[in-house]
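What follows draws every value from the coordinates through simple rules; no lab data is involved. Computed from a predicted model, the values in this text were never measured in an experiment. We place every Cβ from the backbone using ideal geometry, glycine too, and count neighbours over all the protein chains shown.
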């Protein structure tokens, strides 16, 4: 006999776990199916998030979750660089494996079933209910949450996918409190390379770009930084950078997180935006069950869009700009940023909402001229 739940969540990452937590807190039977052997694995994420974002997600991180605090960010083009003070933004580096397990523990403590090494084979709907076939047997439910990440969205639009690679490594050239971002339109077209420190001499180093061999590009980048390093972990994963799906709800199927395109178009980060997607989805499904009215499901997308729509629209414009900038134009824009603008970004920037910083940095006369040549009058939507 098939196990019976009100809601089944396919995918045990941030968005799916937060959805399960909210559902379980409302007294609704819910199961989370994670195909990997461990919650939090594989960890594709750089782990950067603000403390304010973590608090908004209803989390007080365990001691093992917080790895580091970021004090500054250095951003490089081929010939120029600038530095931003990040202390006011309270940016931290978290261990995503530990963070995801902490959310799973919250959800389980409230009544959710967490199943690892339980892959979903198929989902079908008949007589008003979903039949979910898994490697552990058959399940049935009334509502289905798709939190399967990029794997779920990739068949819709492969042009929105970039290849990425990220290594965890030990190297003396990793500064303990400084994130570094390197733009090079030839090596990392449409994206960049990054160094995220987890401790002094230890961190996550990665690259992404359109139509690149991510492993080869990352190896070349690491070798260019210095001869001394030891790699302790390698992850290769596609990332989504084309923004949210048109609809997050299809009948009683609710799509959350990476699967809904809720990762940032500028950086592909999504701890906060995907986490809030899971929270909004869980609460909306709980409301639909309580009121016996599936129209309540629409509140999920309305609430997420109210919080993130304007931000994502600006980031998508910034992505269009980045896709078309060559190294000469990037150098020109970087060299034109005055120190007072950097101070303004450091003072008022919000890590979880990048458009604030973009507006400041692209507000110089040179940046506007370059951006207008590419975006036309749409540049006003980005810098206003």
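From a point 7 Å beyond the Cα of residue 175 in the direction of its Cβ, which residues of the range 224-261 have a backbone N at a distance under 17 Å?
Only 225-226 fall inside the zone, counting backbone N under 17 Å.
How far is the Cα center of the range 171-198 from the Cα center of the range 108-169, in Å?
Centre-to-centre (Cα) distance: 32 Å.
Please label the shape of the chain as rounded, prolate or oblate, based on the square roots a ≥ b ≥ c of the eigenvalues of the alpha-carbon gyration tensor (a/c under 1.5 means rounded; beyond that, a/b larger than b/c means prolate, else oblate).
Prolate shape, in that a/c is at least 1.5 and a/b is the bigger ratio.
What residues of the range 290-334 lie in the reach of a label at residue 186, counting those whose backbone N is under 16 Å from a point 7 Å from the Cα along Cα→Cβ?
Hits in the range 290-334 for residue 186 at 16 Å: 325-332.
Taking the Cα atoms only, what angle lies between the long axis of helix 214-225 and the longest principal axis of the chain, rounded to 10 degrees?
40
Looking at the chain as a GNM with Cα springs under 10 Å, which of 161, 255, 239 has the largest mean-square fluctuation?
Its mean-square fluctuation being the largest, the pick is 161.
So how many Å³ per residue does the convex hull of the Cα atoms of the range 77-136 work out to?
It is 250 Å³ per residue.
On full extension of the chain, what length is gained from residue 287 through residue 88, given 0.36 nm per residue of separation minus the C-alpha to C-alpha distance? List each step's numbers first, then the result.
Working: separation 199, 0.36 × 199 = 71.64 nm, distance 3.70 nm.
Residue separation times 0.36 nm, minus the Cα-Cα distance, leaves 67.9 nm.
Taking every DSSP beta bridge with both residues inside the chain, roughly what % is antiparallel (nearest 5)?
70
Using 0.36 nm per residue of separation minus the Cα-Cα distance, give me the extension gain between residue 326 and residue 117 in nm, one decimal.
Extra length available between residue 326 and residue 117 comes to 70.8 nm.
Give the angle, between 0 and 90 degrees and rounded to the nearest 10, that separates the Cα long axis of helix 14-25 from the longest principal axis of the Cα atoms of the chain.
It works out to around 40 degrees.
Quick check on the exposure proxy: order 315, 276, 225 from fewest to most C-beta atoms within 10 angstrom. Don't jump to the answer; show the numbers that get you there.
On the way: 315 22, 276 25, 225 17.
Starting with the residue having the fewest Cβ neighbours, the order is 225, 315, 276.
Between 188, 300, 229, which gets the highest mean-square fluctuation from a Gaussian network model of the chain, Cα cutoff 10 Å?
Result: 229 has the largest fluctuation of those listed.
So what's the back-of-envelope 222 nm ellipticity for the chain, counting only DSSP H runs of four-plus at -39500 (n - 2.57) apiece and dividing by all residues, rounded to 500?
So the helix-based figure for the chain works out to -11000 deg cm²/dmol.
So between residue 219 and residue 313, what do we pick up on full extension, going 0.36 nm a residue minus the alpha carbon distance?
30.5 nm
For the range 222-284, what ratio Rg/Rh do Cα atoms give with a Kirkwood hydrodynamic radius?
Here the Rg-to-Rh quotient is 1.20.
Comparing 287, 185, 127, which has the greatest mean-square fluctuation in the GNM of the chain with Cα pairs linked when under 10 Å apart?
Judging by the Gaussian network model, the answer is 127.
Relative to the longest principal axis of the C-alpha atoms of the chain, give the angle of the C-alpha long axis of helix 339-348, reported between 0 and 90° and rounded to the nearest 10°.
20
Residue 158 versus residue 305, label points 7 Å from Cα toward the beta carbon: distance in nm?
The two pseudo-label positions are separated by 3.0 nm.
Would you mind checking the range 196-214 for residues with the amide N under 20 Å from a putative spin-label position 7 Å along Cα→C-beta of residue 231?
196-199, 201-214
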